[in-house]
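Shown next, in structure tokens, is the structure this report addresses.
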Amino acid sequence: MTPYRIPYGRQNIDQSDIDAVMQVLTSPWLTQGPTIERFEKALADHCEAEHAVAVCNATAALHIACIAAGLGAGDRLWTTPNTFVASANCGRYCGAEVDFVDIDPQTLNLDARLLAEKLEVARRTGKLPKVVVAVAFSGQSCDMRMMAQLAEQYDFTLIEDASHAVGASYLGRPVGCGQYAAMTIFSFHPVKIITTAEGGMVLTNRAELAERLRRLRSHGITGDPAQMDVPDHGLWYYQQLELGFNYRMTDLHAALGLSQMARLDAFVARRRQLAARYDRLLAGLAVTLPSVQPGAESAWHLYVVRLQLEHITLSQREVFDALRDAGLGVNLHYIPVHLQPYYQALGFKEGDFPEAERYFSQALSLPLYPDLTDDQQDEVVEILRRILG
Ligand SMILES: *Cc1c(COP(=O)(O)O)cnc(C)c1O
């Protein structure tokens, strides 16, 4: 794979990251060691959360969060179609039925009003969801306050997929603080805000959920005598209490994440600066700029514009091809999940979620990452200006 001259996202790795990983590499613990807990504590503190459970990626985090929420065969999970497939697949791993709620065309997030309407219908038909996964698309929180009220009213577990939103805040508090969602998921994939190469985390304020998540990430095994049926075994003893997984993060990955935490605020600050710069530079082009709702401070994982195709002679495909030919790794977030062949085979079809589909037919993610220079950003805008004509 040849990288694009200017990709849409890229990690920032410096000498302190390299030193941190090297230090763990020659320590007694490559995995199941103390660096995991240090990384968990650092992120929990940053987010004002009580508990944090690190896992091997955010997909695994979503999976065990659903199990901890009690999701099983015959239950229902609802999420947004405008997300990465993992936000929906976690329901399928549990044997649950997955359904979607269309997006708000302004925020591009799951529309809380449509959610309220769908819940009311579901109550009448006896088909309420057990879990709703609210995705903070591009780094901007959903209307979490309203969703938390709905969770209370209709008795579902609200899980926030904040894979894009490490370092974001909502109504004056950090995303992950647990004021609205029962559990918040972060991803540390290299294109996200901070990276561990592969990695994820679940944050929660509920001790019983944290304990369950820890057990699920490590085979369903406990070493805690208090949880065993016969407590007075030796120190070497453990018991498997349920079917779990090996979803652990290694200490090498945690060392990288912990080291990156030192630059989290700087990463988000630079992303915000670049987003504001795009807003200025793109004014006058045939694109609709992203809009952030009052109260939500985005982490700006993505800068997504909508092409005003009625003012452009090229098609969306032609604009993409021209940008990529110019060395820009532009991308599209997201192909609506319900249109993936796997979900179409489950009965979903084109037309089911028209706002997400309309958005998809116009969307374009421009390069955005902390190391993107002002000059590079100027170049991106000039190339786009030329292509849009
Ligand atoms: C990246 C991403 C995931 C999956 O994260 P991994 O760490 O790669 O498993 C899940 N949901 C959303 C919204 C994402 O962007």
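No lab work stands behind these numbers, since they all come straight from the coordinates. Treat the numbers as computed from the prediction; the structure is a model and nothing was measured. Here the Cβ is made from the backbone with ideal geometry for all residues, glycine too, and neighbour counts use every protein chain on show.
Of note:
- Residue-span extension gain [ARG145 to MET22] - 0.36 nm each, minus C-alpha spacing: 40.0 nm
- Over 26 Å between alpha carbons, listed pairs LYS130/LYS192; LYS118/LYS349; LYS130/LYS349; LYS41/LYS192: LYS130/LYS192
- Annotation: the residues THR59, THR2, sorted from fewest to most other C-beta atoms within 10 Å of their own C-beta, follow the order THR2, THR59.
- Within a Gaussian network of the chain (alpha carbon springs, distance under 10 Å), most fluctuating of ILE36, ILE194, ILE18: ILE18
- Backbone N under 12 Å from the ALA116 label point (7 Å along Cα→Cβ), restricted to the stretch 139-181: 145-151
- Rounded, prolate or oblate (a/c below 1.5 giving rounded, otherwise prolate when a/b exceeds b/c) for the chain by Cα gyration tensor: oblate
- Nearest 10 degrees, 0 to 90: helix 112-125 Cα axis against the chain principal axis: 50
- Residue order for TRP78, TRP29, TRP236, TRP300, fewest other beta carbons within 10 angstrom first, comes to TRP236, TRP29, TRP78, TRP300.
- Compared with the direct C-alpha span, the chain from GLU37 to ALA262 gains 79.4 nm at full extension, assuming 0.36 nm per residue.
- Considering only GLY172, GLY257, GLY244, the Gaussian network model of the chain with Cα springs below 10 Å gives its largest mean-square fluctuation to GLY172.
- Between LYS127 and ARG385, the modelled label-to-label distance comes to 5.1 nm, taking each label 7 Å out from Cα in the direction of the beta carbon.
- Computed extension gain for ARG280 through ARG358, at 0.36 nm per residue and net of the alpha carbon distance, reaches 25.6 nm.
- For the stretch 212-251, the relative contact order works out to 53 percent when only alpha carbon pairs closer than 8 Å and six or more residues apart are counted.
- Inter-label distance, nm, simple model (7 Å from Cα along the C-beta direction), ASP224/LEU289: 5.0
- Three-way shape label, the stretch 111-242, alpha-carbon gyration tensor, a/c 1.5: oblate
- Per-pair calculated FRET efficiency, R0 = 41 Å: ALA197 and ASP232 via Cβ, rounded to 0.05: 0.45
- Top of GLU50, GLU160, GLU120 by mean-square fluctuation, Gaussian network on the chain, Cα under 10 Å: GLU120
- Cα-based helix-to-principal-axis angle, 58-68 vs the chain, degrees rounded to 10: 50
- In the chain, helical runs assigned H by DSSP with n ≥ 4 each contribute -39500 (n - 2.57); averaged across all residues and rounded to the nearest 500, the mean residue ellipticity at 222 nm is -11500 deg cm²/dmol.
- On Cα atoms only, tilt of 144-154 relative to the major axis of the chain in degrees: 50
- About the Cα centre, charge dipole magnitude for the chain (Lys/Arg +1, Asp/Glu -1 at Cβ), debye: 320
- Amide N proximity, the stretch 220-258 versus ALA207 label position 7 Å along Cα-to-Cβ, cut-off under 18 Å: 223-228
- Charge dipole (the stretch 104-163, unit charges on Cβ, about Cα centre) - positive-most of MET144, PHE156, THR107: PHE156
- For the stretch 156-177, the residues whose amide N sits under 18 Å from a probe point set 7 Å from the Cα of GLN106 along the beta carbon direction are 170-172.
- Hz values of 3J(HN,Hα) by residue in the stretch 163-174 - Karplus curve (6.51, -1.76, 1.60), Gly and Pro given as x: 3, 8, 10, 4, x, 7, 9, 9, 6, x, 10, x
- DSSP assigns beta bridges within the chain; of those with both partners inside it, close to 60 percent run antiparallel.
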